1. Checking the conditions here, which among Ser153, Ser148, Ser180 is among the polar types (S, T, N, Q) and touching a residue at least 60 places away in the same chain (Cβ under 8 Å)?
2. Please go through segment 81-99 and give me each residue that is among the aliphatic types (A, V, I, L, M) and under 16 Å from Phe204 (Cα atoms), ordered by number.
3. For Pro25, work out the one condition from (1) assigned to a strand (DSSP E or B); (2) under 21 Å from the mean Cα position of the chain (by Cα); (3) crowded, with 19+ Cβ neighbours inside 10 Å it doesn't fulfil.
4. Being farther than 22 Å from Val208 by Cα and either touching a His at 6+ places or on another chain (Cβ under 9 Å) or in a helix (DSSP H, G or I) (or both) is the filter here, so list the residues in segment 132-155 that pass it.
5. Conditions first: (1) part of a loop (DSSP other than H, G, I, E, B); (2) closer than 20 Å to Val238 by Cα; (3) of a type in the set (Ser, Thr, Tyr). Tyr49 passes all but one, so which condition is the exception?
6. Quick test for you: out of Gln131, Gln158, Gln123, pick the one residue that is surrounded by 15 or more Cβ atoms within 10 Å (Cβ to Cβ) and without any contact (Cβ under 8 Å) to a residue 12 or more places away in the chain.
7. Condition first: at positive phi and more than 16 Å from the chain's Cα centre (by Cα). Now tell me which residues in segment 212-266 satisfy that.
8. Identify, from the list Asp116, Asp112, Asp98, Asp86, the residue that is of a type in the set (D, E, K, R), surrounded by fewer than 18 Cβ atoms within 10 Å (Cβ to Cβ) and within 22 Å of Gly28 (Cβ to Cβ).
Amino acid sequence: MRLRATCKMRVTASSDCPVVAMLRPRSGEAQWMVSERYELHPWVPTSEYVDTFGNLCQRMVVPKGDMRIEVDAVMEADDVIAVAPDAEAVPVHKLASDTLQYLLQSRYCPSDKMGDRAETIVQGKMAGYAQVEAIRHWIHENITYQYSVSNASTDALQTLEAGAGVCRDFSHVGIALCRSLHIPARLVVGYLHGLDPMDMHAWFEAYVGGRWYTFDATQSRPRGGRIVVAYGRDAADVAFLSNYGPLEMREMVVSVEELARPAQPAVKS
């Protein structure tokens with residue numbers, strides 16, 4: 001499906017503020033960039049680099065006062081996500097080297113403290129996709145989606161204790177539980193078509209059967225229409241704005257709409 005995703009934000013800096021933004025999606029196996037517009041008002045010199053997770057990062061200095069940042073991307077995205085109930089777990093000694101970092105406990109995913117909970121949730125399930133799906137389903141059924149319960153410092157254990165949170169909290173729990181079973185798992189942030197209320201979204205991926213699969217504990221069924229912006233070990237790696245000075249978010253508006261593909265010209269025989 002062809003999707004147009006926009007993100008418009010207005011920030012205010014009390015003095016010049018260095019910022020690293022992570023707002024540009026990239027072409028990949030499940031998505032392709034058709035067109036893109038990235039506007040800064042006022043315009044400031046900007047450079048770009050690729051971080052250790054393969055994300056596009058933009059460096060700039062937000063000048064004192066107000067700045068508007070607008071991203072408008074048209075992407076080809078999968079309208080369904082791959083599922084593989086019989087995909088088996090990959091033994092740790094056979095994992096690709098670049099997946100090993102996603103086995104470690106991290107700031108928001110203290111997987112070293114969640115093994116007993118994970119074993120209870122996946123009891124009787126085949127090691128691999130079936131275990132991850134059991135974790136996703138358990139989170140969906142047992143944690144309430146609720147604002148103002150968590151904050152920027154809430155980790156997966158605190159979310160379990162509260163029994164509520166938002167999409168990033170759901171994902172942190174899923175990631176931590178998977179890692180405790182020696183299944184690599186990573187956080188994904190981006191856009192989801194049809195999300196209600198619309199906002200930037202977070203879900204997680206798990207590495208089983210020799211590839212990454214998508215899992216979203218906020219949804220009752222597998223859903224496509226996703227645009228990935230960034231991957232990371234947890235939310236600390238994928239902030240859409242990392243500011244190194246006082247910076248206030250005044251407004252942020254996100255939209256995702258499906259577009260019709262251009263008609264293909266007839267081929268003359």
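We did not get these values from a lab; they are worked out from the coordinates using the rules stated. Bear in mind that the values here come from a model prediction, so they are computed numbers and not experimental data. With ideal geometry, Cβ positions are generated from the backbone for all residues, glycine too; neighbour counts draw on all protein chains shown.
1. On the way: Ser153 fails: touching a residue at least 60 places away in the same chain (Cβ under 8 Å); Ser148 fails: touching a residue at least 60 places away in the same chain (Cβ under 8 Å).
Selected residue: Ser180, the only one of Ser153, Ser148, Ser180 that is among the polar types (S, T, N, Q) and touching a residue at least 60 places away in the same chain (Cβ under 8 Å).
2. So the first thing to find is which residues in segment 81-99 are among the aliphatic types (A, V, I, L, M), and the list is 81-84, 87, 89-90, 92, 95-96.
Hits for segment 81-99 are Ile81, Ala82, Val83, Ala84.
3. Of the numbered conditions (1) assigned to a strand (DSSP E or B); (2) under 21 Å from the mean Cα position of the chain (by Cα); (3) crowded, with 19+ Cβ neighbours inside 10 Å, the odd one out for Pro25 is (1).
4. Just the residues of segment 132-155 that are farther than 22 Å from Val208 by Cα, to begin with: 141-155.
Hits for segment 132-155 are Glu141, Asn142, Thr154, Asp155.
5. (1)
6. Numbers: Gln131 fails: without any contact (Cβ under 8 Å) to a residue 12 or more places away in the chain; Gln123 fails: surrounded by 15 or more Cβ atoms within 10 Å (Cβ to Cβ).
Among Gln131, Gln158, Gln123, only Gln158 is surrounded by 15 or more Cβ atoms within 10 Å (Cβ to Cβ) and without any contact (Cβ under 8 Å) to a residue 12 or more places away in the chain.
7. Gly245 - this is the single residue of segment 212-266 that is at positive phi and more than 16 Å from the chain's Cα centre (by Cα).
8. After ruling out the rest, the residue left standing is Asp98.
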